[in-house]
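This report refers to the structure that appears directly beneath it.
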Amino acid sequence: MRLIPKDEGFFAMFDALASIMVRSAKVLDELFNEPNRLDVFAAQIKVLEHEADVITHEIMNRIDKSFVTPLDREDIHRLATRLDNVVDLMDGTARRAQMFHLNDRRPHAKELTQVLVQATESIAQAAMSLKDPHEVARIGREVKLLEEAADAIYSKAVGALFEGTPNALDVIKWKELYDNIEHAIDECEDVLNVLESVSLKNS
């Protein structure tokens, strides 16, 4: 028998967190496309990161106050934390770009952020489909493929940094930015793993 959630509020909050994650990824994608507007985009991501923190805090408070939760308390905590972590990583990437005074574009960075946008959109879809384990598993396979594509782009990106006689500071700067974006994509796969586990457990 399919679980009937006792408190739909948690699901709406997960959806809200996932939505913020998608919006953050799209702004980060714009940042790497238009580095001349770096400060504007970084400020937008910071606002979104704060919104995610507020929702995550509300979820934690709700866990404490709810007598009966629709999912295991540990799973609610784990899922909220994972979603918030992805937003934190994107905020961290934007802040790194500011610290490095990013002023040029790299095709590989754009490729990676586009994969990140797709991965976050898949997570948002999976969060809305939490009560359908088959759909969540299907989306999980999609995100696994995206993560593998990101690994390939990352390898090419880092390899390209060392071609010819590169500027050492550029290598350091871009290597760290690529690392941050790739880490966010890896974290998206971790979020999907949690979603799959929670969905199966409560189907």
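Suppose we look only past 22 Å in the calculated P(r) of the chain. What percent of the Cα-Cα pairs does that tail hold?
Value for the chain: 48 percent of Cα pairs lie more than 22 Å apart.
By per-residue mean of other Cβ atoms within 10 Å, what is the highest-first order of 30-40, 158-168, 136-146? Spell out each step's value before the answer.
Working: 30-40: 15.7, 158-168: 10.6, 136-146: 18.0.
For the peptides 30-40, 158-168, 136-146, the packing ranking is 136-146, 30-40, 158-168.
The angle between the Cα long axis of helix 73-99 and the longest principal axis of the Cα atoms of the chain comes to about 20 degrees, rounded to the nearest 10. Computed over protein heavy atoms with a 1.4 Å probe, the carbon and sulfur contribution to the accessible area of segment 62-112 reaches 48%.
Between E74 and R141, the contour length at 0.36 nm per residue exceeds the alpha carbon distance by 21.7 nm.
Among the listed pairs K26/K156; K26/K144; K144/K175; K26/K201; K175/K201; K26/K175, which have their C-alpha atoms separated by more than 28 angstrom in this model? Over 28 Å Cα-Cα: K26/K201; K175/K201. For the chain, the longest principal axis of the Cα atoms and the long axis of helix 168-201 meet at an angle of about 20 degrees.
Remark: segment 10-26, residue by residue, has Karplus-estimated 3J(HN,Hα) of 4, 5, 5, 6, 4, 4, 5, 4, 5, 5, 4, 4, 5, 4, 5, 4, 5 Hz, where x stands for each Gly or Pro and the curve is 6.51 cos²θ - 1.76 cosθ + 1.60 at θ = phi - 60°.
The values are calculated or read from the model by the stated rules, or taken from the named source; none is laboratory data. Just so it is clear, the structure is predicted and the values come from calculations on it, not from any experiment. Cβ atoms come from the backbone with ideal geometry, glycine included; neighbour counts cover every protein chain shown. Protein only, heavy atoms only, side chains kept; ligands, DNA and RNA dropped before computing areas. Shrake-Rupley method; radii C 1.70, N 1.55, O 1.52, S 1.80 Å.
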